[in-house]
Amino acid sequence: MAKTLPVTEMALLSPVPSGPAAAAPPAKTCVISAEIEPEDRQALLDLFARSSPETRRDRFHSALSVFPQRYLEEILNGRQLALAARDTCQEETRGQIIGLASAAPIAPGTAEFAVWVDDAWQGHGVGSLLARAILRLLAQHGVSTAIGIIEPGNLAVRRLVNRVAPNAAARSEDGMIVVSVPLAGWATEPHARS
Ligand SMILES: CC(C)(COP(=O)(O)OP(=O)(O)OC[C@H]1O[C@@H](n2cnc3c(N)ncnc32)[C@H](O)[C@@H]1OP(=O)(O)O)[C@@H](O)C(=O)NCCC(=O)NCCS
């Protein structure tokens with residue numbers, strides 16, 4: 001599938017460091033949501049390695065110990081739409097992927113999307129940035145409905161969906177919450193809508 005999303009830039013607050021430095025005001029950090037390249041394999045494996053069991057469970061609905069191989073190949077070879085968030089300002093994190101959004105077609109006009117943020121970056125707006133970007137990209141590819149499958153106890157993603165797609169419908173299915181986002185109007189969505 002063609003990758004056509006222009007780079008999106010946004011200024012966010014850095015993760016708050018632990019220890020005495022935590023009291024200092026966090027520095028501004030550039031985060032760019034951009035395409036995934038084959039060279040990003042190790043950065044994706046590292047994102048998985050840094051993720052807590054809770055994050056892995058919420059993302060994959062099971063506390064996996066290895067990155068799902070088929071999923072990894074599909075996002076690297078472009079068979080799934082995928083976008084990465086990167087910290088491009090701080091030298092020590094250059095090259096890291098700090099968040100990933102992806103989407104797989106599941107029926108004509110419908111795709112399932114998912115968002116995943118490095119534990120150290122959660123709560124800093126990265127997930128919202130990625131969610132908006134993948135929804136916009138899906139709309140630009142002619143997808144009319146995006147589906148998300150959410151653990152009922154995952155308050156962060158429920159709040160994210162409420163904010164990013166307030167017109168989403170939700171239903172319970174097999175113990176999960178299935179949110180359905182209509183994508184009409186998303187193709188021209190401004191990059192930094194809040
Ligand atoms: C869900 C997830 C993608 C959200 O990303 P994020 O970068 O932390 O989200 P944002 O900072 O953009 O915040 C989005 C909303 O979630 C809320 N939120 C973030 N972390 C939260 C937490 N730990 N508990 C409760 N709410 C939280 C924010 O306050 C915000 O809500 P608001 O706009 O009403 O204030 C991220 O927590 C994550 O990767 N979790 C593990 C994987 C996962 O659950 N993926 C989704 C299923 S596919």
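Computed from the coordinates by the stated procedures, all read-outs in this text should not be read as laboratory data. Everything quoted here is computed from the prediction, not taken from an experiment. In this analysis, Cβ positions are derived from the backbone assuming ideal geometry, glycine residues included, and neighbour counts consider all displayed protein chains.
Points worth noting:
- Percentage of interatomic Cα-Cα distances in segment 43-194 larger than 21 Å: 42 percent
- A Förster radius of 22 Å combined with the Cβ-Cβ distance from Arg50 to Arg94 puts the calculated FRET efficiency at roughly 0.90.
- Contact order for segment 8-188, expressed relative to its length and based on alpha carbon pairs under 8 Å spaced 6+ residues apart, stands at 18 percent.
- Assuming charge only on the beta carbon of Lys and Arg (+1) and of Asp and Glu (-1), the dipole of segment 55-140 about its Cα centre is about 240 debye to the nearest 20.
- Take every Cα pair under 8 Å whose residues are at least 6 apart in sequence, average their separation, divide by the length of segment 111-160, and the relative contact order is 48 percent.
- FRET efficiency, Arg70 to Thr188 (Cβ-Cβ, R0 22 Å, nearest 0.05): 0.10
- Dipole in debye (nearest 20) - segment 65-194, about Cα centre, beta carbon charges: Lys, Arg +1; Asp, Glu -1: 420 debye
- With Cα atoms defining each centre, segment 143-194 and segment 101-126 are spaced 10 Å apart in the structure.
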